[in-house]
Amino acid sequence: MDRRDTLRTMISAVGLLTLGRHVHALARGAALRILSARQDTIVVAASERIIPATETPGAAAAQVNLFVDAMLAEWYTPEQRQRLLAGLAELDAQQFLDRTPTEQTAILDRFDAEATPEHWFGMLKYLTVWGYYTSEVAQTRELGLWPLPWRYDGNAPYPH
């Protein structure tokens, strides 16, 4: 990789992180714009199976569902949005919410085996990971990136 490729990669990564943080800020406290209450509940359950809570918070604690809704409303095309919503309907038809966490994981594993970036599950997984790792919860509690190394914060608490 040459210097220009390295710089492009770095700028793209910072851009994705900045966009993710911006979308989180927009989503915080906002009403759902695309997802119905049922679809939102399915996204919460599915994202928690993708990034479950362990010794660190999971996707539900990071409110990835609000990130997904904001991205569907602001970023995704109508065709992409419809593809993801059709996938959520497919999960609902399989009574995803009535299943145990182990059964939910098995259902998602089957979709993951066939998922491409264009497949609805590939989209959901991508949004879950992006939404989680750009959230304040993941940045502070899992990645330990607070205060952020690329920003000066004169009032940041000093860890002892």
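Some observations on this one:
- For region 34-51, filtered to residues that are in contact (Cβ under 8 Å) with a residue 24 or more places away in the chain and not in a helix (DSSP H, G or I), the residue that is nearest to the chain's Cα centre (by Cα) is 51.
- Whenever a residue of region 74-93 is in contact (Cβ under 8 Å) with a residue 12 or more places away in the chain and under 15 Å from residue 33 (Cβ atoms), its partners that are among the aromatic types (Phe, Trp, Tyr) and assigned to a loop (DSSP other than H, G, I, E, B), lying with C-beta atoms within less than 8 angstrom and at least six residues away or across chains, give the pairs 84/76.
- Criterion: among the acidic types (Asp, Glu) and exposed (fewer than 14 other Cβ atoms within 10 Å of the Cβ) - qualifying residue of 92, 109, 69, 40: 109
- Qualifying residue in region 9-24 (condition: of a type in the set (Gly, Ala, Ser), exposed (fewer than 13 other Cβ atoms within 10 Å of the Cβ) and modelled with pLDDT of 95 or more): no
- Among the residues making up region 72-124, a single one is charged (D, E, K, R), at pLDDT 95 or above and not in a helix (DSSP H, G or I): 99.
- Residues (of a type in the set (Ser, Thr, Tyr) and under 20 Å from residue 95 (Cβ atoms)) located in region 36-72: 36, 41, 47
- Positions within region 46-57 being small (Gly, Ala, Ser) and crowded, with 19+ Cβ neighbours inside 10 Å, in sequence order: 46, 47
- Any chance residue 140 is surrounded by fewer than 17 Cβ atoms within 10 Å (Cβ to Cβ) and modelled with pLDDT under 95: yes
The values are calculated or read from the model by the stated rules, or taken from the named source; none is laboratory data. Quick caveat, the model's predicted, so the values are computed rather than measured. We place every Cβ from the backbone using ideal geometry, glycine too, and count neighbours over all the protein chains shown.
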